[in-house]
Amino acid sequence: MIGLTVRQMQYFDALAQTLHFGRAAKLAGVSQPALSAQIAEMEERLNCLLFERGGKTVRMTDEALALQPRIERILADIRDVETTARRGRPTMEGRFRLGIIPTVAPYLLPHVLPELKKHYPALQLELREAVTASLVEDATSGRLDAFIAALPLDQPAIVTEGLFPDRFFLAVPAGDRPSPRRRCRPKARRWSG
């Protein structure tokens, strides 16, 4: 029996998505040597080369291309098993990994956290504050369950739901107060090509 591990398949998937060992390691949340070692062990167990390494480029071999849809299905099935196992448990119980952008965290969290603790005492909330790009990467790789960021968010792998509008104000010294009739409106620009 070959005995591939789920971790190896996850690392394979990350490398197949990025075709870059450094970015794949970051996506998988491990060091690059750890990812490289697991890929090498996977290739040894399968007795075939999965990724051709050439300078700074990585290319999937025909064997890797043939395995990729199967590994994606296996990983999707594992996620389905985890989801099924969570069914029937009370809502908002257990571990929930939430990311949030730093510009929103200090304003939103002091109001939300006490309410969550009061209404959902069995919820184990883990917070991660980071910029949107890192949060997207962490959510798509499974290191976050959800995150709060500003819209628009053009990521096909992410489903978004608007929470609330955020208004911006212009602050000026008291002596420079604009009259109520003069509102700041952005000018429409026409770009010529």
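Bear in mind these aren't lab numbers, they're just calculated from the coordinates by the rules spelled out. Quick caveat, the model's predicted, so the values are computed rather than measured. Positions of Cβ are generated from backbone atoms using ideal geometry, with glycine treated the same way; all protein chains shown enter the neighbour counts.
First check a/c for segment 6-86, with a ≥ b ≥ c the square roots of the eigenvalues of its C-alpha gyration tensor; if it is under 1.5, answer rounded, and if not, answer prolate when a/b is larger than b/c or oblate otherwise. In terms of gyration-tensor shape, prolate.
Within a Cβ distance under 12 Å of Thr5, other residues only, what is the Lys/Arg minus Asp/Glu net charge? Residues close to Thr5 contribute a combined charge of +1. Considering only Cα atoms, the convex hull volume of segment 89-177 works out to 135 Å³ per residue. Using all pairs of distinct alpha-carbon atoms, the Kirkwood hydrodynamic radius of the chain works out to 20.7 angstrom. Put a plus charge on the Cβ of each Lys and Arg, a minus charge on the Cβ of each Asp and Glu, and nothing anywhere else: the dipole of the chain about its Cα centre is then about 1320 debye. When only Cα pairs below 8 angstrom with a gap of at least 6 residues are kept, segment 6-86 shows a relative contact order of 26 percent. Couplings 3J(HN,Hα) of segment 124-134, computed from phi: 9, 7, 10, 9, 9, 9, 6, 6, 3, 4, 5 Hz, in residue order, whole Hz [Karplus 6.51 cos²θ - 1.76 cosθ + 1.60, θ = phi - 60°; x for Gly and Pro]. Axis of helix 105-119 versus longest Cα principal axis of the chain: the two differ by about 70°, to the nearest ten degrees. Under the criterion of Cα pairs below 8 Å and six or more residues apart, the relative contact order for the chain equals 16 percent. Residues whose amide H comes within less than 5 Å of that of Ile148, counting only those at least five positions distant or on another chain, are Gly99, Ile100, Ile101 (H built at 1.01 Å from N in the peptide plane). Once backbone amide H atoms are built at 1.01 Å from N, Leu125 has Phe96 as its partners under 5 Å, excluding neighbours fewer than 5 places away on the same chain. Sparsely packed loop sites in segment 100-177 (the GluC sites (Glu not before Pro) outside DSSP H, G, I, E and B with at most 14 other Cβ atoms within 10 Å) comprise Glu161.
In the elastic network of the chain, a GNM with C-alpha springs shorter than 10 Å, the most mobile of Val58, Val159, Val172 is Val172.
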